[in-house]
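Since the structure comes first, as structure tokens, the remarks are kept for the end.
Every number here is computed from the coordinates shown, using simple stated rules; none is lab data. Keep in mind it's a predicted model, so treat the numbers as computed, not measured. Ideal geometry is used to build each Cβ from the backbone, glycine not excepted, and the neighbour counts take in all protein chains shown.
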Amino acid sequence: MLGVEAQKSPKGKWTMPPFDPRFPNQNQIHNCYQNFLDYHRCVKAMSRCGQSSQLCEYYFRVYRLLCPLSWVQRWNQQIQDGPFAGKI
């Protein structure tokens with residue numbers, strides 16, 4: 001879906017994502033997955049409207065901090081191939 005250059009971290013470094021009250025526990029797996037889905041939904045919605053996907057940067061930054069790279073690569077491959085379980 002996105003090339004390697006497009007998936008590099010945006011400018012400005014975060015050491016940890018901001019607190020999200022939807023995910024108050026220490027285990028952040030669901031937070032990782034939800035932000036991955038939110039990012040791809042945001043990009044899809046912005047492209048439909050013909051707008052820049054720069055507004056989706058927040059979700060990108062959060063999932064890149066929380067999700068292991070191997071998961072992200074597997075999910076992106078599944079999105080391209082078709083069997084991805086999440087609804088985007």
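How large is the Kirkwood hydrodynamic radius of the chain, in angstrom, based on all distinct alpha carbon pairs? Roughly 13.7 Å, rounded to one decimal. Computed over the chain, the per-residue total of -39500 (n - 2.57) for DSSP H runs of n ≥ 4 gives a 222 nm mean residue ellipticity of -16500 deg cm²/dmol, rounded to 500. At a Cβ-Cβ separation cutoff of 4.7 angstrom, cysteine residues of the chain with no neighbouring cysteine are Cys49.
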